[in-house]
Amino acid sequence: MTANVSDSGAGLVAPDTFVVDLREGGQAERTAGFLIRAPRPALIETGGRAGVQAWLEALEQQGVPRDEIAYIILTHIHLDHAAGAGTLARLLPRAQVVVHPRGARHLQDPTRLVQGARTIFGDRLESLFGLPEPVAAERMLTPEDGETLDLGDGHRLRFIGAGGHARHQYMILDEGTGALVTADEAGVRYPALCRRLGRDYLLPSTAPNQFDPELMLQSARRLPQLRPATMLLPHFAATSLSPEEIAERLEEQVPLFVACGQVDGRPAGPEETRRRLAEHIRRDAEAHGLDWAEVEPAVALDLDICAFGIADYLQRRAQGKT
């Protein structure tokens, strides 16, 4: 199979920056990685087992030798973004793995990361992501919020803490090009639905077990202040929405998502939250002119993930643990 390198799969999306379809669970246009062709080349996001193969194909297609990759950068350590990090680190021998300080120990020992993911994905975990290999501590860099990494030729990456989706998450701004990799803080776009509509359709990503709606909205309000020239979403690729439009969409939808997890002021639990969230998304999609028969399969996995995250957040809040 040839690596998918197109405007939605692996084409030029910013100067020297290419998007690669990481084929999460064999699904196209689900999870994206980004290659920055600078004097010290970097790839952002590894995906899982399928993502490793997609990256190797993309590097060959782009004519980038494996031993020239300087950095493997992770926006956060959820398995759809990072399960392939240890494998790619083994296959790209000179690359350092760049990860949030809160995530480093879980790359060294992925046991708890896998256990947490298995509560959501169950037996689907291996087919979706594979199992992560450990990353040696000496291969890792752990920049703090606001620190930068110079790739050369003006590609200076600034790491911006963004803890609404997960506390171990960065957004990454290329100060030379203005391209902002939003991590999962700016939500999920669905390319097939976007093509159907003729404009972007985006939903928040409220994954367990560190979802924090207030921090997510803080990040949303920060997007216009960063003034990105391009916004790149790991789910999926470049968005046509402006920072202001994404901020407005999240300000509207995040509170509504959280409300789906409450019945009479009490946490509803994952199953009821999923039912209520599906109904909310159905109404929202139909208000945008979409057919639920097309939307439901596109958002099914995210419904599971988001419902778990909302239920977990509300349970933590009820216990005073947020």
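The values are calculated or read from the model by the stated rules, or taken from the named source; none is laboratory data. None of the values given here were measured: they were computed from a predicted structure. Cβ sites come from the backbone with ideal geometry, for glycine too, and all protein chains shown count toward neighbours.
Return a yes/no flag: does region 190-207 have any residue that is in contact with a Pro (Cβ under 6 Å, 6 or more places away or on another chain) and not in a helix (DSSP H, G or I).
So in region 190-207, the residues in contact with a Pro (Cβ under 6 Å, 6 or more places away or on another chain) come out as none.
No - not one qualifying residue is present in region 190-207.
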Condition check for Glu175: farther than 27 Å from Arg102 by Cα and among the acidic types (Asp, Glu): no
Qualifying residue in region 269-289 (condition: over 24 Å from Thr31 (Cα atoms) and in contact with a Gly (Cβ under 7 Å, 6 or more places away or on another chain)): yes
Flag if Asp123 is in a helix (DSSP H, G or I) and within 22 Å of Ala186 (Cβ to Cβ): no
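If you take the residues of region 228-269 that are of a type in the set (D, E, K, R) and over 20 Å from the mean Cα position of the chain (by Cα), which of them is modelled with the highest pLDDT?
If we take residues in region 228-269 being of a type in the set (D, E, K, R) and over 20 Å from the mean Cα position of the chain (by Cα), then Glu252 is modelled with the highest pLDDT.
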Complete set of residues in region 122-147 that are surrounded by fewer than 12 Cβ atoms within 10 Å (Cβ to Cβ) and more than 15 Å from Gln96 (Cβ to Cβ): Gly122, Asp123, Glu144, Gly146
Residue count for region 141-186, restricted to those that are of a type in the set (Ser, Thr, Tyr), in contact with a strand residue (DSSP E or B) (Cβ under 7 Å, 6 or more places away or on another chain) and within 19 Å of His106 (Cα to Cα): 1
Breaking point among (1) modelled with pLDDT under 95; (2) of a type outside the set (Phe, Trp, Tyr); (3) in contact with a Phe, Trp or Tyr (Cβ under 6 Å, 6 or more places away or on another chain), for Glu29: (1)
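Kindly indicate which of Leu79, Leu74, Leu12 is within 21 Å of Asp174 (Cβ to Cβ) and either crowded, with 22+ Cβ neighbours inside 10 Å or under 12 Å from the mean Cα position of the chain (by Cα) (or both). Steps first, answer last, please.
On the way: Leu79 fails: within 21 Å of Asp174 (Cβ to Cβ); Leu12 fails: either crowded, with 22+ Cβ neighbours inside 10 Å or under 12 Å from the mean Cα position of the chain (by Cα) (or both).
Among Leu79, Leu74, Leu12, only Leu74 is within 21 Å of Asp174 (Cβ to Cβ) and either crowded, with 22+ Cβ neighbours inside 10 Å or under 12 Å from the mean Cα position of the chain (by Cα) (or both).
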Failed item in (1) surrounded by fewer than 21 Cβ atoms within 10 Å (Cβ to Cβ); (2) not assigned by TED's automatic domain parsing to the domain that holds His76, with Cys260 passing the rest: (1)
Whichever residue in region 183-224 is among the hydroxyl-bearing types (Ser, Thr, Tyr) and in contact (Cβ under 8 Å) with a residue 60 or more places away in the chain and, among such residues, is surrounded by the most Cβ atoms within 10 Å (Cβ to Cβ): Thr206
Residue list for region 90-116, restricted to those being buried (at least 22 other Cβ atoms within 10 Å of the Cβ) and part of a helix (DSSP H, G or I): Leu107
Residues that are out of contact with any Leu (no Cβ under 7 Å at 6 or more places or on another chain) and in a strand (DSSP E or B), drawn from region 164-189: Tyr170
Subset of region 263-289 [surrounded by 12 or more Cβ atoms within 10 Å (Cβ to Cβ) and not in a helix (DSSP H, G or I)]: Val263, Pro267, Ala268, Gly269, His288
